[in-house]
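A quick write-up on the structure given underneath.
Nothing in this text is a laboratory measurement; each read-out follows from the coordinates by a stated rule. Predicted model, so just to flag it, every value in this text is computed and none were measured. Every residue, glycine as well, gets a Cβ built from its backbone with ideal geometry; the counts of neighbours run over all protein chains shown.
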Amino acid sequence: MKLGTMVHLGDNVVEKIKDVKKYGLESFQLCCWNFDYFTDEWAEKVLAATKETGLEISAVWCGWEGEACWDFINGNLTLGIVPLYYRDKRMANLKKGSDFTKKLGVTDMVTHMGFLPENPNTDEFRAVVAAIKELAEYCKANGQYLLFETGQETPITLKRTILAVGTGNLGINLDPANLLLYGKANPCDAVDIFGDYVRGVHAKDGEYPTDPAYLGVEKRIGDGRANFPVLIKKLKEHGYDGSITIEREIDGEKQIEDIIYAKKFLEDIING
């Protein structure tokens, strides 16, 4: 397993890629929510930096336009391609992201699809499945897998959706903290349900929510409930040998400190 972290595509992306090398990591997920950067020029800059550093881009994490409320009150209405109001615009965003991912020669693109419908016997479920199928087929034409970032749905709902879409190029970017923050599952148990579909992993930790309106609290790795020793063991049992991407959603020196701490924390587990 390779250890990496997140790099956000922006004006300082080359510097950020070099920082990943400085931290002693081997890979990164390239994340972007600003579609002005999805150009040949920026693809060339990113590729030159990866060649210089010897780092691997494990996946491209593609965002989308419009309002995003990361909570339980308005999240259903604003996140991903599930809300009909945003769907067409965000489908176009994600297709543009797929084209940029192709420019980089990367095979996996990740996004949050939104709060997937639980009931398969509804028009909403069928419409969301049709939209995901359209995106998946677009990614397939670009030689890619389309990955669901976990968190906003139960593991069995996610697996049900993948099987319903049925394009053969869907996968999962397992974020154990998100499963906890949204109150959807114990991450280790989730691997028992959908482990064969995992193509990427975020090393992030957190707690279950206690306020019905708001997500749980993200924590430094090892300080939450994710139980990485068991999680990594289960991933290995399912044949996962890809990148583990450290994600710490804070800013400043504390973020860097926690990334470096997570590297040692994970190395001790993987090599132990």
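Structural remarks
- For a label point 7 Å along the Cα-to-beta-carbon line of TRP33, residues of the stretch 219-253 with backbone N under 11 Å: none
- Annotation: peptides 242-248, 222-228, ranked by per-residue average of other Cβ atoms within 10 Å with the highest first, follow the order 242-248, 222-228.
- For the stretch 2-270, fraction of C-alpha pairs farther apart than 25 Å, in %: 42 percent
- Within the shell of other residues whose beta carbon sits under 15 angstrom from the beta carbon of ILE270, the net charge comes to +1, with Lys and Arg scored +1 and Asp and Glu -1.
- Kirkwood hydrodynamic radius of the stretch 113-158, from the reciprocal of the average inverse Cα-Cα distance over all distinct pairs: 11.4 Å.
- Residue (of ASN34, ILE17, CYS62) at the positive-pole extreme of the stretch 10-71, dipole from beta-carbon charges: ILE17
- Assuming charge only on the beta carbon of Lys and Arg (+1) and of Asp and Glu (-1), the dipole of the stretch 2-270 about its Cα centre is about 580 debye to the nearest 20.
- Computed lengthening from ASN271 to ALA141, 0.36 nm per intervening residue step minus Cα-Cα distance: 43.0 nm
- Relative contact order [Cα under 8 Å, 6+ residues apart], the chain, whole percent: 17 percent
- Reciprocal mean inverse distance between Cα atoms of the stretch 155-272 - Kirkwood radius, Å: 14.8 Å
- Over the stretch 94-221, the hull volume per residue, using the convex hull of the C-alpha atoms, is 111 Å³.
- Summed side-chain charge close to LYS22 - residues other than LYS22 whose Cβ falls under 13 Å, Lys, Arg +1, Asp, Glu -1: 0
- Quotient of the Cα radius of gyration of the stretch 219-260 and 2.2 N^0.38 Å, N being its number of residues: 1.36.
- For the stretch 114-272, the relative contact order works out to 17 percent when only alpha carbon pairs closer than 8 Å and six or more residues apart are counted.
- Karplus-based coupling profile of the stretch 134-150, in residue order and whole Hz: 4, 5, 5, 5, 5, 5, 4, 5, 8, x, 10, 9, 9, 10, 8, 6, 6, with θ = phi - 60° in 6.51 cos²θ - 1.76 cosθ + 1.60 and x standing for Gly or Pro.
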